[in-house]
Amino acid sequence: MWKILVGLFGQMMDTTVIYCDNQSCIKLFENLVFHDRSKHIDIRYHHLHGCVVKRIMMLLYISTEEQDVDILTKALSNGMFEFHRDRIRVTDNPFLGEREC
C-alpha cells in the first residue's frame, strides 16, 4: 500500500500518527516479542508492526480522558461533550438562522 501511495504522489509521505490509550498495544507494536500472550496475533498485525518499524506509522500514547473520538462513540456528560467539541473545533454555523416551523 505504501508503494502505491508514494507512486501516486511522487514523493515520500509524512509519518501517520495514531493516538492510542492502550500502552500495552503500543509496546507490542514497537517490539513484537513472542510469548504466551501474543501467540494469537493475526498476520495483519505483523504488517502494522512492519509499518511502525519502517516509520510509516507511529503510535503515540494519549490518556483516556483526552480521546476526542469519544464524542462520536460514547454518551458523555455536558462538560465532557463541550470539552471534546471545542478540541475538535466544532462551532455553530453563523449562516444558519433560527428555524421556523
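The values are calculated or read from the model by the stated rules, or taken from the named source; none is laboratory data. In this text the structure is predicted, and so the values were computed from the model without any measurement. FYI the Cβ positions are ideal-geometry reconstructions off the backbone, even for glycines, and counts take in every protein chain you see. Keep in mind that these areas ignore ligands, DNA and RNA; they rest on the heavy atoms of the full protein, side chains included. Shrake-Rupley method; radii C 1.70, N 1.55, O 1.52, S 1.80 Å.
Scan the stretch 13-34 and give yes if some residue there is at pLDDT 85 or above and on the phi > 0 side of the Ramachandran plot, otherwise no. Checked against the condition, which is being at pLDDT 85 or above and on the phi > 0 side of the Ramachandran plot, the stretch 13-34 yields no hits at all.
Counting the residues of the stretch 63-94 that are modelled with pLDDT under 85, under 22 Å from C20 (Cβ atoms) and in a loop (DSSP other than H, G, I, E, B) gives 0.
Once the stretch 35-62 is narrowed to residues that are assigned to a loop (DSSP other than H, G, I, E, B), open to solvent by less than 100 Å² (accessible area, probe 1.4 Å) and at pLDDT 75 or above, the residue that is nearest to D86 (Cα to Cα) is I62.
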